1. In the stretch 245-398, if the dipole is taken from +1 on Lys/Arg beta carbons and -1 on Asp/Glu beta carbons about the Cα centre, which of HIS349, PHE272, ALA380 is farthest to the positive end?
2. Once both axes come from the Cα atoms, what is the angle between helix 351-360 and the longest principal axis of the chain, in degrees from 0 to 90, rounded to 10?
3. Which of the lysines could a cross-linker bridge to LYS49, judged by Cα under 29 Å and excluding same-chain residues fewer than eight apart?
4. Mean residue ellipticity at 222 nm from the helices of the chain, using -39,500 (n - 2.57) per DSSP H segment of n ≥ 4 over the full residue count, to the nearest 500 deg cm²/dmol?
5. Ranking THR261, THR241 by Cβ neighbours within 10 Å, fewest first, what do you get?
6. Among all lysine pairs in the stretch 245-398 that are eight or more places apart or on different chains, how many have alpha carbons less than 26 angstrom apart?
7. Once phi is turned into ³J(HN,Hα) by the Karplus curve 6.51 cos²θ - 1.76 cosθ + 1.60 with θ = phi - 60°, what whole-Hz value does each residue of the stretch 363-377 show in order, with x for glycine and proline?
8. Could you give the length gained on full extension between PHE164 and MET297, defined as 0.36 nm per residue of separation minus the Cα-Cα distance, in nm?
Amino acid sequence: MSIAPRRIIVASLGSHGDVHPFIALSQALQARGHDVRLIAPATYEELAKSEGLTFVPIGNPELFEYHSSRPELWHPTRGFEVVAEAVGALLEPYYTAIVQNHQPGKTILVLSSLALSGRVAQEVLNVPTITVHLSPAILRSARNPAKTPPVPVASWMPRVWNRFIFRMVDLLIVDRVLARPLSEFRKSLGLPPVHRILNQWIHSPDRVIGLFPPWFAPPPDDWPAQTVLTGFPLYDEADVTPLDPELQDFLKAGEPPLAFTPGSAMRHGDEFFAVAVDVCRKLGRRGLLLSRHDRHMPADLPAGVRHVAYVPFSRLLPHCAALIHHGGIGTSAQALAAGIPQLVVPMSHDQPDNAMKLHELGVAEIVPAGRFSTARATVAISRLMDSNHRAACLEIKKRFVGADPISETATLIEGVIRD
């Protein structure tokens, strides 16, 4: 059944890895004839417009830089407070942008996990809304909880214990740093306060979509019943950011290099990259240090080790021997699709959970960020090169053949319109 074109407001915030999937989804919906408005931090304006999207900028690049450059962002416990502060500061701008672009009776909202203003707009405007989660860690489960240390929950613990711990986390942390500014904003609109927002409220009752496949995170029976999983989106600017000719020559000039990245938002990777250079020296391997920020790059890189500001992983990783990274869900997915082994160095947020899932698939080794050293990394990378890891990587790579999760997600969104 054909769907009449609608105004679809897509709201996303976060790092490049957080926003990239919503650029791809916006493109797919626009190609189906819908009037799509992408609301995201102003730093993504050039990219969004180069992809032909109608873009609504929020804030300015300086504001984005301030929040993303704070070193506490990557702390295992304080990182959430930094995220909560940024989300709280953006509640009013995102809400205003949604209201200004809303067309009564013709609008659908598509929200990233932390676009909480959209959930408020859903109540005020009575707009059909879809929540899209990029990582399984945001979906709580007492049966099979995400691995998010230091929160003491686990699948082998009684469900009643896990629920109790979730309640304490909400009471002592989430409600204090995130629900409080949200409730104050809601009060200004005449709405009642909300509590335990990460327990259920964060998920739209209309539809929840997980942009990851069930073989990566099998849905437990206590996830929201309206949840549907599609698959990894894999958007990485490949259409607008070609491989640099010098980099192509480098890749052809020797054995496949090791690729290292602490994530697109990381500004404090000095120790990570220092270890990366030492590992390349010790193993006698070529290396690529991937970061949009050069201030934390080691000086005088040795021959065979190069810094690259940005390159689409879909074009790069098939030419690499392994990827050493932070455990972001988008980076993890690109390495899975490329069929190469991974050494994951998780710091905070969803990274430890993603790392454990990769390890359980047999494609990754884990060295926590606090223990990341030349000795440990060298041993772990040497293990990754064995036949078992390589075979597991190739098996997982086959699962991407024929998959089109962005198209499937667009169809699910149109299904909410139809309903």
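1. ALA380
2. 60
3. Candidates past the 8-residue exclusion: LYS106.
4. Values: 16 runs with 165 residues, N = 419.
Computed ellipticity for the chain at 222 nm equals -11500 deg cm²/dmol.
5. Values: THR261 25, THR241 14.
Ordered by Cβ neighbours within 10 Å, fewest first: THR241, THR261.
6. Numbers: LYS252/LYS282; LYS252/LYS397; LYS252/LYS398; LYS357/LYS397; LYS357/LYS398.
Qualifying lysine pairs in the stretch 245-398: 5.
7. Computed from phi, the couplings for the stretch 363-377 are 10, 8, 10, 10, 10, x, 4, x, 10, 6, 9, 4, 5, 5, 5 Hz.
8. Working: separation 133, 0.36 × 133 = 47.88 nm, distance 4.36 nm.
Gain on stretching PHE164 to MET297: 43.5 nm.
Readers should treat all values here as calculations from the given coordinates under stated rules, not as data from a laboratory. Predicted model only: the values in this text are computed from it and were never measured. Glycine also receives a Cβ, built like all others from the backbone with ideal geometry; neighbour counts cover every protein chain displayed.
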